[in-house]
1. Does residue 63 satisfy the criteria of being over 17 Å from residue 154 (Cβ atoms), more than 12 Å from the chain's Cα centre (by Cα) and small (Gly, Ala, Ser)?
2. Does residue 106 satisfy the criteria of being assigned to a loop (DSSP other than H, G, I, E, B), in contact (Cβ under 8 Å) with a residue 12 or more places away in the chain and closer than 21 Å to residue 59 by Cα?
3. Anything in region 143-156 that is over 11 Å from residue 30 (Cα atoms) and either in contact with a strand residue (DSSP E or B) (Cβ under 9 Å, 6 or more places away or on another chain) or touching a residue at least 40 places away in the same chain (Cβ under 8 Å) (or both)? List them, or say none.
4. For the condition at pLDDT 95 or above and open to solvent by 30 Å² or more (accessible area, probe 1.4 Å), what is the one hit in 128, 160?
5. Answer with yes or no whether residue 119 is more than 20 Å from residue 13 (Cα to Cα) and crowded, with 20+ Cβ neighbours inside 10 Å.
6. Quick one: would you say residue 93 is within 30 Å of residue 123 (Cα to Cα), over 12 Å from the mean Cα position of the chain (by Cα) and not hydroxyl-bearing (Ser, Thr, Tyr)?
7. Considering every residue within region 43-53, establish whether at least one is assigned to a loop (DSSP other than H, G, I, E, B), among the β-branched types (Val, Ile, Thr) and buried (at least 18 other Cβ atoms within 10 Å of the Cβ).
8. Quick check on this structure: which one of 69, 65, 39 is in a helix (DSSP H, G or I), surrounded by fewer than 16 Cβ atoms within 10 Å (Cβ to Cβ) and either among the acidic types (Asp, Glu) or out of contact with any Cys (no Cβ under 7 Å at 6 or more places or on another chain) (or both)?
Amino acid sequence: MVSPDNPFTYEDVGATRDGRCPPGFHPLHLRTRVGEGEAVFRAASEALMTWEMHRAMGVGITATADKAAPGVDVTVGLGPLKAPCRVVWTVEEYRRAGWAYGTLPGHPEHGEEAFVVDRTGDGTVWLTVTAFSRAAKWYTRAGGPATRGLQHAYARRCGTVLRRLCAEFEP
């Protein structure tokens with residue numbers, strides 16, 4: 001799996017772009033309403049692309065760039081836990097913005113997680129978190145379903161925090 005050409009800890013790099021979950025991984029898909037309107041979409045996109053949403057959640061973010069872009073290394077810190085990742089794709093369109101990162105050696109999981117904000121035809125702004133993962137360390141294997149429950153809670157918290165960050169932009 002890990003090679004100089006592919007430092008990721010899994011093979012199907014970029015699968016979240018298509019919403020695919022490779023065999024042997026646990027899927028996650030959670031959609032949260034953030035708000036409504038162009039101003040909310042712009043604020044949500046900016047908060048997502050510049051790591052503000054993650055920092056507002058209270059997680060440590062160390063990134064090699066101020067904005068998500070393919071190839072940017074990101075380390076997510078949750079207390080003593082450090083989770084190294086690399087951005088594998090981004091999207092910045094008129095009604096859609098987001099990115100995904102994949103796990104690197106040292107991460108407690110193998111897999112990928114995507115965060116995408118989109119504005120639907122009726123103006124509603126949504127955050128969708130899509131991921132696939134499997135345990136990489138003894139403690140994530142030992143955690144089993146509880147570990148996956150924590151991942152779902154993290155995804156829900158992303159939506160809650162992004163909604164709070166964008167509340168002042170509601171029409």
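The values are calculated or read from the model by the stated rules, or taken from the named source; none is laboratory data. Keep in mind the model is a prediction, meaning the values are calculated, not measured. Cβ sites come from the backbone with ideal geometry, for glycine too, and all protein chains shown count toward neighbours. Accessible surface is based on the protein model in full, side chains and every heavy atom, while ligands, DNA and RNA are left aside. Shrake-Rupley method; radii C 1.70, N 1.55, O 1.52, S 1.80 Å.
1. In short, yes.
2. yes
3. 143, 144, 147, 148
4. Unique residue meeting the criteria: 160.
5. yes
6. Spelling it out, residue 93 is indeed within 30 Å of residue 123 (Cα to Cα), over 12 Å from the mean Cα position of the chain (by Cα) and not hydroxyl-bearing (Ser, Thr, Tyr).
7. No, because not a single residue in region 43-53 is assigned to a loop (DSSP other than H, G, I, E, B), among the β-branched types (Val, Ile, Thr) and buried (at least 18 other Cβ atoms within 10 Å of the Cβ).
8. 39
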